[in-house]
Amino acid sequence: MKKKIALIFGVTGQDGAYLSKFLLKKNYKVYGVKRRSSIINTSRIDDIYNDINSKSNFVLFYGDLTDSSSILSLIKKTKPDEIYNLAAQSHVQVSFEVPEYSAEVNSVGTLRILEAIKNLGLEKKVKFYQAGTSEMFGKTKEKFQNESTPFYPASPYGVSKVFAHWITVNYREAYKIFACNGVLFNHESPIRGETFVTKKIIQGLIRIKNGNQKKLFLGNLYSKRDWGHARDYVEAMWKMLQQKKPADYVIATGKTFTIKEFVNKAAKKIGFKIRWVGNGVNEKAIDIKNKKVIIECKKRYFRPVEVDYLKGNANKAKKLLKWFPKTSLDKLIDEMIRYELKFYNDKL
């Protein structure tokens, strides 16, 4: 039986790594695309990547969503059955600082892939997955967000992803491409990037406990987020492309917690007893044991426009994809802590 071929843009990121390993277990041939840089950033996929073995089921290529010719060339060369676009400038705060680049990669980059599929005449052969985000809902007032909730993005990142979402819908309707949008709510893991708040909290608290860091600086403690595990969410991506008809799906746990609640859970598991004092930017956490301030809020970590509340309704995915989140927030935090402890000889 011929192996299915998957082409993954953004393969060295958190989702790209989990998806690659998931697809390899499904007996896929996986081609991953990474940007060329002077730093070798394959740590998340080092366990499956071997640049010497040309017969491997996992092969890396260089490519860039800002370069139409490289996208066209890669698709033509690899002849994929499925394309997953997970590449993006995905940090919300950074998107305020580099809005043009965020749009170039996130918005036009998606268009370039779709155009390549069309121009190569692969509309009937290739299935396409576009990675959306709950940040597209932004300042929504809806209690739950589902596939029919209007978008109200509150950052250049969110805005760029809305374009990517609708251009995917447009090419699906105009050219009959099997193209799906996955509107994924926050999904974390032990291999999350260090600048994302969940990783920053876990890593910071462990470093403080070990005497390698004095304080952890955070922004809005009262933003509510719907957190799941990336390992669960990449399965939903794959399931979308196995359906008879393309569609868009919200992927979420349906449970929300504030940043402060996440901190409290992590601190307790790591062995801290903390007490919160102050309000707003002046709110801080004190280690009860030694009376030292270990967490402070800084204005620089507040977004120009705050997204206060996100909570997803994944009923459509549960019904049609038979997809369900498997990992609770507590189990996710436990896993993230265990991973970080490997760098401290498993001791606190």
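Got a sec? Which of GLU142, GLU115, GLU135 is surrounded by fewer than 22 Cβ atoms within 10 Å (Cβ to Cβ) and either more than 19 Å from ARG225 (Cβ to Cβ) or within 20 Å of the chain's Cα centre (by Cα) (or both)?
GLU115
Which members of segment 260-293 meet the condition of being at pLDDT 95 or above, β-branched (Val, Ile, Thr) and within 23 Å of THR198 (Cβ to Cβ)?
Answer for segment 260-293, where residues must be at pLDDT 95 or above, β-branched (Val, Ile, Thr) and within 23 Å of THR198 (Cβ to Cβ): VAL263, ILE270, ILE274, ILE286, VAL293.
Scanning for something in the same structural domain as ALA247 (by TED's automatic domain parsing), on the phi > 0 side of the Ramachandran plot and charged (D, E, K, R), does segment 78-101 turn up at least one residue?
There is at least one residue in segment 78-101 that is in the same structural domain as ALA247 (by TED's automatic domain parsing), on the phi > 0 side of the Ramachandran plot and charged (D, E, K, R).
Output the residue which, of all residues in segment 88-110 that are touching a strand residue (DSSP E or B) at 6+ places or on another chain (Cβ under 8 Å) and modelled with pLDDT of 95 or more, is surrounded by the fewest Cβ atoms within 10 Å (Cβ to Cβ).
Of everything passing the filter in segment 88-110, GLY109 is surrounded by the fewest Cβ atoms within 10 Å (Cβ to Cβ).
Each row is one residue, and each column tells you yes or no for (1) in the same structural domain as ARG172 (by TED's automatic domain parsing); (2) surrounded by fewer than 16 Cβ atoms within 10 Å (Cβ to Cβ); (3) farther than 15 Å from ASP308 by Cβ; (4) of a type in the set (Ser, Thr, Tyr).
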| site | (1), (2), (3), (4) |
| --- | --- |
| ASN212 | no, yes, yes, no |
| MET237 | yes, no, yes, no |
| GLN242 | yes, yes, yes, no |
| TYR249 | yes, no, yes, yes |
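Would you confirm, using the coordinates I've provided, whether ASP67 is under 21 Å from PRO190 (Cα atoms) and in the same structural domain as ILE177 (by TED's automatic domain parsing)?
no
Considering only helices (runs of 4 or more DSSP H) fully contained in segment 56-127, which possess at least 2 residues that are out of contact with any Ser or Thr (no Cβ under 9 Å at 6 or more places or on another chain) and under 23 Å from ALA236 (Cα atoms)?
The qualifying helices (runs of 4 or more DSSP H) are 109-119.
What's the number of the only condition in (1) over 20 Å from SER69 (Cα atoms); (2) in contact (Cβ under 8 Å) with a residue 60 or more places away in the chain that LEU114 fails to meet?
So LEU114 meets the others, but not (1).
List every residue pair whose Cβ atoms sit under 6 Å apart, with the two residues 6 or more apart in sequence or on different chains, where the first one lies in segment 131-146 and is farther than 13 Å from PHE163 by Cα and touching a residue at least 40 places away in the same chain (Cβ under 8 Å) and the second, anywhere, is surrounded by fewer than 24 Cβ atoms within 10 Å (Cβ to Cβ) and among the small types (Gly, Ala, Ser).
GLY138/ALA154; LYS139/ALA154
Quick check on my filter: what residues within segment 309-329 are surrounded by fewer than 13 Cβ atoms within 10 Å (Cβ to Cβ) and either under 18 Å from the mean Cα position of the chain (by Cα) or in the same structural domain as ILE202 (by TED's automatic domain parsing) (or both)?
PHE324, LYS326
Yes/no per residue for (1) of a type in the set (Lys, Arg); (2) on the phi > 0 side of the Ramachandran plot:
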{"position": "LEU216", "(1), (2)": "no, no"}
{"position": "ARG231", "(1), (2)": "yes, no"}
{"position": "MET240", "(1), (2)": "no, no"}
{"position": "THR253", "(1), (2)": "no, no"}
{"position": "THR258", "(1), (2)": "no, no"}
{"position": "ASP287", "(1), (2)": "no, no"}
{"position": "LYS291", "(1), (2)": "yes, yes"}
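The values are calculated or read from the model by the stated rules, or taken from the named source; none is laboratory data. Keep in mind the model is a prediction, meaning the values are calculated, not measured. Don't worry about glycine lacking a Cβ; one is built from the backbone with ideal geometry, like all the others, and counts go over all protein chains shown.
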